[in-house]
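Structure, as structure tokens:
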Amino acid sequence: MTLTNSSPHVSNARQLSSMMLLVLAALIPGAITWIYFFGISLVIPLLIAVPAAISFEALMLKLRGRPVKVFLQDYSAAVTGVLLAICLPPYTPWWLIIIAIGFAIVIA
């Protein structure tokens, strides 16, 4: 076992980025089910939440003086954006999505 700079602090054979990609892959059936039952309304929150999460993450990393590229490659911000987009009601206003992502990335 080796120690890493980011959570999880103990790394096994699988890297954090590959685990986050598996989480994103696991969210695909849920997103497809959402679209089946509620229509295409999930696409707009996804298109707002994921880029906003990545942007907030990059901004906070830059403000903290951390290397942006290294930490953005773990896909944790993308997972946060997808999870939040799936949890919100279908026609949530765009500004509320950005505020929620801001709190999720900056505060949490």
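The values are calculated or read from the model by the stated rules, or taken from the named source; none is laboratory data. These figures come from a predicted structure and were not determined experimentally. What goes into the accessible areas is simple: the full protein's heavy atoms, side chains included, and nothing from ligands, DNA or RNA. Shrake-Rupley method; radii C 1.70, N 1.55, O 1.52, S 1.80 Å.
For the options Ile54, Ile35, Ile86, a Gaussian network treatment of the chain with springs between C-alpha atoms closer than 10 Å singles out Ile35 as fluctuating the most. Element breakdown for the chain at a 1.4 angstrom probe: carbon and sulfur atoms account for 72% of the accessible area.
Once the Cα atoms are used to define both axes, helix 43-64 deviates from the longest principal axis of the chain by about 30 degrees. Per residue, the accessible area of region 14-108 comes to 63 Å² when a 1.4 Å probe rolls over the protein heavy atoms. Helix 76-87 and the long axis of the chain differ in direction by around 20°, with both axes built from C-alpha atoms.
Once semi-axes √(5λ) of the Cα gyration tensor in Å is calculated for the structure shown, the corresponding label among [x] 26, 18, 9; [y] 25, 18, 13; [z] 36, 23, 10 turns out to be [x].
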